[in-house]
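Input: a single structure, listed below in structure tokens.
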Amino acid sequence: MSASTNFQQLTYQLEALEAHAVSQITDASDAATLDHLRVILLGKKGELPVILSQMSKLSETERPLIGQRANLLKEEINSLIKKRLLLMKTTIMNKRITREKLDVTAPSIGILSGHRHPLIKTTEDIVDIFCGLGYSVEEGPEIETDYYNFTALNIPQHHPARDMQDTFYLSESSLLRTHTSPVQIRHLEKNPPPTRIIAPGRVYRRDGVDATHSPVFHQVEVLAIDEGLDFSHLRGTVMAFLKQFFGDLPVRFRASYFPFTEPSAEVDVQWRDRWLEVMGCGMVDPAVLEGLGLDPERWSGFAAGLGVERFCMVRHGIDDIRRLYTSDLRFLQQF
């Protein structure tokens with residue numbers, strides 16, 4: 001058989017393969033069939049490689065022609081398979097869209113709206129009252145250094161006051177803050193007086209869990225620094241706040257001790273025929289001001305701190321602090 005005869009025969013085989021491939025690909029009904037056709041037509045032992053294996057019988061001038069024709073056929077087959085696969089996916093998606101379409105004219109069944117957690121709502125109410133008195137809100141990190149949590153607040157190493165707070169230490173110098181007072185120090189380092197701020201946030205102490213204690217709870221601390229502030233300003237601020245929050249409950253101040261205030265006091269309200277402690281407060285100790293580079297002869301101030309959980313429990317008559325953390329809808333839906 002002559003080279004020209006082989007050339008004609010291979011040309012005919014390529015044309016027949018093209019017609020067969022077009023027909024098979026067009027009739028394919030799923031992606032698996034298309035992949036099977038690709039292997040049969042173009043795989044290592046497929047129909048096109050078998051045809052090309054006969055090119056050794058061609059002349060040097062005929063081989064490039066058959067090779068070019070075979071490459072065009074390979075590209076055509078791949079293109080047909082891609083187009084057919086895309087058409088299949090589009091058809092499937094259109095059927096799914098038609099089957100799963102949403103009737104936007106249908107009436108909504110409605111979704112019950114939630115409400116603020118009682119702790120969050122209590123914090124917001126406390127913040128609103130103090131903002132109304134001219135205070136701004138400051139926040140700080142919950143992981144603190146020993147310096148900001150203790151030393152800068154006139155509680156140096158081995159000070160007996162450290163025994164008042166069982167602390168979660170993360171390392172020798174870092175800990176989970178035991179109060180939000182470090183926020184006040186950080187603020188004063190960057191902002192000279194006069195200052196009126198409140199610092200709400202989460203704090204941590206190694207307390208046993210019972211009806212009135214939790215190792216994680218929330219505080220709001222108050223700080224005012226200005227010229228000429230005295231205890232009467234502190235008392236007036238606390239009384240105005242408590243009256244707005246609780247109403248006309250009897251209030252009393254008792255002498256107390258805090259290392260960062262002098263003099264210091266505890267504040268009680270009369271609730272359910274008994275006195276209940278709700279706040280601690282006092283005039284900022286001059287040693288704290290001096291540590292921040294402030295002249296205690298010029299500047300004075302007062303600080304106060306309260307537990308949000310205690311205020312929430314008094315306001316709503318809750319008898320166990322653990323109810324605030326259990327996420328029990330039967331309890332939370334009351335608020």
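Values in this text are rule-based calculations from the coordinates and carry no lab data. Being a predicted model, the structure only gives us computed values, none of them experimental. All Cβ positions, even for glycine, are placed from backbone atoms using ideal geometry, and neighbour counts span all protein chains on display.
Computed from Cα positions, the angle between helix 231-246 and the longest principal axis of the chain comes to roughly 60 degrees. First obtain the Kirkwood hydrodynamic radius of the chain from its Cα pairs, then insert it into the Stokes-Einstein equation at 25 °C and 0.890 mPa s, and state the resulting D in µm² per second as a whole number. The calculation lands on 91 µm²/s.
Net charge dipole, the chain: roughly 2000 debye, given to the nearest 20, about the Cα centre with Cβ charges of +1 for Lys and Arg and -1 for Asp and Glu. Any chance you could count the Lys pairs in the chain whose alpha carbons are under 25 Å apart, treating pairs 8 or more apart or on different chains as valid? Final tally of qualifying lysine pairs is 16. Couplings 3J(HN,Hα) for segment 124-136, derived from phi with the Karplus relation 6.51 cos²θ - 1.76 cosθ + 1.60 (θ = phi - 60°), are 4, 5, 5, 4, 4, 5, 5, 4, x, 8, x, 9, 10 Hz, where x marks Gly and Pro. Shown is the FRET efficiency for Lys57 and Lys83, computed with R0 = 35 Å from the Cβ-Cβ distance and rounded to the nearest 0.05: 0.55. Computed from backbone phi with θ = phi - 60° and the Karplus coefficients 6.51, -1.76 and 1.60, the 3J(HN,Hα) list for segment 59-75 is 6, 5, 7, 8, 4, x, 5, 5, x, 5, 5, 5, 5, 4, 5, 4, 5 Hz; x is used for glycine and proline.
Rounded to the nearest 0.05, the FRET efficiency derived from the C-beta distance between Asp328 and Asp226 at R0 = 35 Å is 0.20.
Segment 216-230 and segment 22-81 have Cα centres spaced 83 Å apart.
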